Amino acid sequence: MLSYAILAPNPHNMQPWKAELGTPGEISISLDEQRLLPETDPFGRQILMGLGAFLELLSMAAATISYRAKVTLFPNGTPGEYLDGRRMARLVMEEDSGALVDPLFEQVLKRRTDRRAYDVSRRVTDSEIAALGSAATVYDVKFGVVADARLDAIKEIARKAWYNELTSEGPMMESVRVLRVGTKEINAHRDGIVIDDPLVVMLEKVGLFDRSSMPAADSQAVMAQVAEFDRITAATPGYLWIVTEGNSRRQQVEAGSAYVRTNLAGTAINLSMHPNQQALQEFAEVAEQYAAIHNLLDAPKPRYTIQMLARIGHVQSEAGSVPPAPRRGLSAQLS
């Protein structure tokens, strides 16, 4: 069950889960505090969304072997403003010969985050949106896809938030520290932000890709990332969003469960997704974009919280598939 759960999407692919199996018939999940993201995700909202996706896949996998995962969130108390290493979930595994296998489980090994350009001539259809919505709203979330007059405004907000993150030292260097450049580093760590672009790998090998200090805003490293983000943003026919009324820790977890379900439902109909969370992050440099996206999508704070914003669309038919993100392996995530 855990071998499927660790395939869950999670921020910066940090895979911060720790599973403890000391009590027969139970799984306890806590977080590795060294794998949190205090700069880009200071309150751990996105980390808990990743936990929600983890628990959703684990529960799906349990049903395939006639078990039901009875989940208790925060058995040692709900986290406060910041996350810590306490137990985040306790799962009691109960045999259930009548457990229904979720049809979405068939897509777990196929699910990807697809960061490529999408075909803007091919709009997301009403029937596709309905399929995603039915997958998401198993949980108490509001779901929608924007492919209307607001699309250009969302793209502009996303671009500004991305640029502000790239040019803010704390958030930028947090990401730089978990870059994995080239096959050797990727295989050694099997987490973080993977870069296998041949040019970057070559620059790294000859010592011209400096990860020790903050790059200048007008540097080639920053401007190349801006140009690439602009390119894929322009090639975006729609954005998916998931909103909760409130922003409790439980709602954050459930929003992550809802998102992975939409990702699986999209996989089943060849619909690609790519989270664009920069405008939803809670550090000072993106506060303007945070307010703007909430206002644009009629989800004013503090009543509502947009938990997920993701590009959505179809890649060109000849583009092929993207490889899975690396994972640290099951043994590395057992405590």
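The values are calculated or read from the model by the stated rules, or taken from the named source; none is laboratory data. None of the values given here were measured: they were computed from a predicted structure. Cβ coordinates were reconstructed from backbone atoms using ideal geometry, including for glycine residues, and neighbour counts include every protein chain displayed.
Hey, does region 291-299 have a residue that's within 20 Å of residue 158 (Cβ to Cβ), of a type in the set (Asp, Glu) and more than 15 Å from the chain's Cα centre (by Cα)?
Residues of region 291-299 that are within 20 Å of residue 158 (Cβ to Cβ), as a first pass: 291-299.
Applying the additional criterion that residues be of a type in the set (Asp, Glu) yields 298.
Adding the requirement that they be more than 15 Å from the chain's Cα centre (by Cα) leaves 298.
Yes - at least one qualifying residue is present in region 291-299.
Take the residues in region 1-16 that are in contact with a strand residue (DSSP E or B) (Cβ under 8 Å, 6 or more places away or on another chain) and touching a residue at least 60 places away in the same chain (Cβ under 8 Å); name whichever of them is farthest from residue 29 (Cα to Cα).
The qualifying residue farthest from residue 29 (Cα to Cα) is 12.
Has region 110-122 got at least one residue that is farther than 23 Å from residue 258 by Cβ, in a strand (DSSP E or B), modelled with pLDDT of 95 or more and not hydroxyl-bearing (Ser, Thr, Tyr)?
Within region 110-122, the first condition is being farther than 23 Å from residue 258 by Cβ, and the residues that meet it are 116-117, 119-122.
Then drop every residue that is not in a strand (DSSP E or B), which leaves none.
Taking every residue of region 110-122 in turn, none turns out to be farther than 23 Å from residue 258 by Cβ, in a strand (DSSP E or B), modelled with pLDDT of 95 or more and not hydroxyl-bearing (Ser, Thr, Tyr).
Give me the residue from region 218-254 that is out of contact with any Lys or Arg (no Cβ under 9 Å at 6 or more places or on another chain) and closer than 30 Å to residue 81 by Cα and, out of that set, surrounded by the most Cβ atoms within 10 Å (Cβ to Cβ).
253
Looking at (1) of a type in the set (Asp, Glu); (2) in a strand (DSSP E or B); (3) closer than 30 Å to residue 238 by Cα, which is the one condition that is false for residue 41?
Here residue 41 clears every test but (2).
Considering each residue of region 299-322, count those that are part of a loop (DSSP other than H, G, I, E, B) and without any contact (Cβ under 8 Å) to a residue 12 or more places away in the chain, and give that number. Explain how you work it out, then say what you get.
If we filter region 299-322 for residues that are part of a loop (DSSP other than H, G, I, E, B), which is where we start, we get 299-303, 314-316, 320-322.
After this cut, where a residue has to be without any contact (Cβ under 8 Å) to a residue 12 or more places away in the chain as well, the list is 300-301, 320.
Total meeting the criteria: 3.
Residue 168: among the hydroxyl-bearing types (Ser, Thr, Tyr) and surrounded by fewer than 17 Cβ atoms within 10 Å (Cβ to Cβ), yes or no? Show your work before the answer.
Values: among the hydroxyl-bearing types (Ser, Thr, Tyr): yes; surrounded by fewer than 17 Cβ atoms within 10 Å (Cβ to Cβ): no.
Judged against the criteria, residue 168 is not a match.
Would you pick out the residues in region 123-139 that are touching a residue at least 12 places away in the same chain (Cβ under 8 Å) and β-branched (Val, Ile, Thr)?
Passing the criteria: 124, 129, 137, 138.
Does residue 213 fit the bill of being farther than 28 Å from residue 7 by Cβ and surrounded by fewer than 20 Cβ atoms within 10 Å (Cβ to Cβ)?
Yes: the conditions hold for residue 213.
Give region 171-193 a look and list any residue that's assigned to a strand (DSSP E or B) and buried (at least 19 other Cβ atoms within 10 Å of the Cβ), or say none.
Within region 171-193, the subset assigned to a strand (DSSP E or B) is 179-181, 193.
180, 181 - these are the residues of region 171-193 that are assigned to a strand (DSSP E or B) and buried (at least 19 other Cβ atoms within 10 Å of the Cβ).
Restricting attention to region 304-335, which residues are farther than 30 Å from residue 27 by Cα and surrounded by fewer than 12 Cβ atoms within 10 Å (Cβ to Cβ)?
Scanning region 304-335 gives 317, 318, 320, 321.
Given the options 63, 131, name the one that is assigned to a helix (DSSP H, G or I), farther than 26 Å from residue 327 by Cβ, among the aliphatic types (A, V, I, L, M) and out of contact with any strand residue (DSSP E or B) (no Cβ under 6 Å at 6 or more places or on another chain).
Working: 63 fails: farther than 26 Å from residue 327 by Cβ.
Step by step, each of 63, 131 is checked, and only 131 is assigned to a helix (DSSP H, G or I), farther than 26 Å from residue 327 by Cβ, among the aliphatic types (A, V, I, L, M) and out of contact with any strand residue (DSSP E or B) (no Cβ under 6 Å at 6 or more places or on another chain).
Of all residues in region 194-208, which are in a helix (DSSP H, G or I), surrounded by 13 or more Cβ atoms within 10 Å (Cβ to Cβ) and in contact with a Gly (Cβ under 9 Å, 6 or more places away or on another chain)? Can you show your working first?
We begin by selecting, within region 194-208, every residue in a helix (DSSP H, G or I); these are 198-205.
Now restrict to residues that are surrounded by 13 or more Cβ atoms within 10 Å (Cβ to Cβ): 200-201, 203-204.
If the condition is that a residue be in a helix (DSSP H, G or I), surrounded by 13 or more Cβ atoms within 10 Å (Cβ to Cβ) and in contact with a Gly (Cβ under 9 Å, 6 or more places away or on another chain), then 200, 201, 204 are the ones that fit.
Could you please find all residues in region 11-38 being assigned to a loop (DSSP other than H, G, I, E, B) and under 18 Å from residue 331 (Cβ atoms)?
Of everything in region 11-38, those that are assigned to a loop (DSSP other than H, G, I, E, B) and under 18 Å from residue 331 (Cβ atoms) turn out to be 14, 15, 16, 21, 22, 32.
Could you please tell me which pairs satisfy a Cβ distance under 7 Å, a separation of 6+ or placement on different chains, a first residue in region 175-196 that is basic (Lys, Arg), and a second residue that is part of a helix (DSSP H, G or I) and modelled with pLDDT of 95 or more?
Going by the 7 Å Cβ cut-off, the qualifying pairs are 180/186; 180/189.
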